[in-house]
1. Mind putting together the pair-distance distribution for the range 436-514? All Cα pairs, 5 Å bins, whole percent per bin, short to long.
2. Give the lysines reachable from K302 as a straight Cα distance under 19 Å; neighbours fewer than 8 places away on the same chain don't count.
3. What does the convex hull of the Cα atoms of the range 297-456 come to per residue, in Å³, rounded to a whole number?
4. Per 0.36 nm of contour for each residue apart, how much would the distance between K472 and S34 grow if the chain were fully extended, relative to their Cα-Cα spacing?
5. Between W395 and W182, what is the FRET efficiency for a Förster distance of 45 Å, r being their Cβ-Cβ separation, to the nearest 0.05?
6. I need the GluC sites (Glu not before Pro) found in the range 459-518, filtered to DSSP loop residues with at most 16 other beta carbons within 10 Å of theirs.
7. Along Cα→Cβ, 7 Å out, is where each label goes; now give me the distance between the ones at T237 and I130 in nm to one decimal.
8. Just how far, in whole angstrom, is the range 276-352 from the range 420-463 if you go by their alpha carbon centroids?
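Nothing in this text is a laboratory measurement; each read-out follows from the coordinates by a stated rule. This is a predicted model, so every value here is computed, not measured. Every residue, glycine among them, receives a Cβ derived from its backbone with ideal geometry; neighbour counts consider all protein chains shown.
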Amino acid sequence: MFNKWFHPSAHKYLHFIGCMLIGVGLPLNKVVMSIGTIWVISNIVLEADYRSYLGRLKRNTLFLSIAGIFVLHFIGILWSEDYSYAFGDIRSKLPLLIIPLALIARPLEKEFLPKVLNGFLVSLLITSTINLSIFYFNNHFTDGTDIRFLSLFGSHIRYGLLALFGVVISFSKVNIRHIHTWGWAVMGLWLVFYTFVAQVISVYFAAFFLVFALSIYFISKLKSKRLKTLLLFSFGTCLTGFGFFIYSEFKPNQTIETFEHLETKTFLGNNYYHDTTLHIQENGHYVMLYIQEEELAHEWNKKSNIPYDSLDLKGQELMGTLIRYMTSKGLRKDAEGFQQLSKIDIRNIEQGIPSYRYVESPLTARLDGIKHQIQYYLAGGPSSGHSLLQRFEHWKASIYILKKNWLIGVGTGDVQLQFNLAYQAIDTDLAENHRNRAHNQYITFWVSFGILGLILLLFFSWQLVLQAISNKSLIALCFGLITIASFLPEDTLETQQGITFVAFFIGLLPAFGSKKEF
């Protein structure tokens with residue numbers, strides 16, 4: 001119909017505009033993503049070349065696996081009780097079906113792929129610059145703000161995945177023969193910096209998984225046995241070194257204090273409080289030893305406008321932040337120890353920073369935070385408010401559900417209902433708003449649809465990698481590996497940004513086969 005009014009080639013330009021809107025909207029705005037999705041679907045409906053569409057869709061195994069996932073969602077309604085939740089879940093996942101359908105049925109012209117990727121990268125550059133600028137230079141915003149609020153344009157985790165994939169695309173555009181393309185290297189380095197600063201453990205894991213898988217893949221493709229052996233040895237050495245680094249960060253600190261012969265009086269003659277039952281440490285020092293709250297409160301209130309018995313700028317009990325911070329510096333928590341804190345230390349404590357090591361580097365801060373979370377959890381502390389500890393509870397609830405429903409799952413509509421019941425059964429301390437699904441896409445599918453759901457998602461993951469290798473596209477392979485890695489610590493397919501990210505680049509996979517990349 002549209003061809004009667006305009007030249008037939010108009011559809012390819014309209015298709016390009018729709019793809020550009022999705023690419024730009026991914027880091028920017030859900031509305032722009034939605035407009036782009038509606039645009040590309042409307043364009044193929046108007047073009048109405050349905051015979052060609054059907055032929056391409058039938059030949060694409062990856063799309064067929066997506067269609068299978070949706071069929072399973074509808075079948076799963078049969079043994080569900082909450083139909084409203086079921087249809088809401090299907091509606092939220094529609095982009096996973098309709099975006100690949102539109103882009104596989106009518107592939108993006110290969111000439112437009114670089115422009116769409118450039119639009120995605122420019123959008124990432126602008127939004128990441130805004131994120132970091134506001135976070136670091138707007139004091140009203142940054143005082144005490146958790147790093148998870150770094151992203152103003154969507155989920156901190158999902159945005160981190162976009163930035164990681166942006167690193168891959170940026171460096172893929174670098175051509176040593178053309179000086180002007182080195183601007184892409186600068187953008188890639190900027191996104192590496194952003195990824196490092198963002199402190200998203202899920203993204204760190206995805207980056208490690210990506211490097212590990214690519215290294216194994218390319219070493220296995222080498223023909224020279226000597227070179228292959230040398231590289232495998234070098235890779236193994238690096239991996240071992242990395243393992244020792246992680247071990248050194250998470251191993252129990254050598255304790256400096258002992259519980260024997262504890263002093264009972266401060267320099268001012270007041271009694272210390274000692275709790276020898278809670279073995280939580282900061283930097284090798286026991287947190288709950290040598291505490292004199294009256295002296296701390298008196299000294300703190302002389303130095304800070306934030307009262308001792310109130311909350312720090314992160315909403316945490318200031319007393320707890322102060323005690324942890326002083327412990328990390330090896331100070332006793334009394335008036336004499338407080339006098340050794342600098343103005344910078346006071347400022348850090350006000351902002352909710354619980355250890356001086358947290359300001360050394362984003363990676364140190366994140367690893368130390370995880371280590372403390374685990375210590376606190378093992379000591380019987382609550383899991384709410386701590387991302388890793390919450391996952392432990394999510395996984396415990398998942399295991400509880402799977403023990404009774406491992407074969408066919410709980411159905412499309414009863415996933416959250418069953419998780420709510422499981423949290424009650426395991427007597428979790430998670431707050432109501434943190435009682436989520438499994439935070440592992442494979443486990444969520446297993447809980448929802450049983451063993452068939454797990455197998456289908458694994459098949460989908462395998463097809464991601466297989467199609468990239470078949471198309472000889474390194475970028476597509478990296479996308480597949482990042483997606484698979486994101487499925488392990490996250491429910492990537494449960495949010496619009498995550499679904500659109502996966503769906504959009506799946507749809508572009510045919511265009512990525514435009515030239516041999518490896």
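1. P(r) over the range 436-514, rounded to whole percents: 3, 17, 25, 24, 17, 10, 4, 1, 0.
2. Within reach: K333, K343.
3. Expressed per residue, the convex hull around the Cα atoms of the range 297-456 is 128 Å³.
4. Contour length minus Cα-Cα distance gives 154.6 nm.
5. Once rounded, the FRET efficiency stands at 0.50.
6. For GluC sites (Glu not before Pro) across the range 459-518 that sit outside H, G, I, E and B with at most 16 neighbouring Cβ atoms in 10 Å, the list reads E517.
7. If labels sit at T237 and I130, their model points lie 4.7 nm apart.
8. 39 Å
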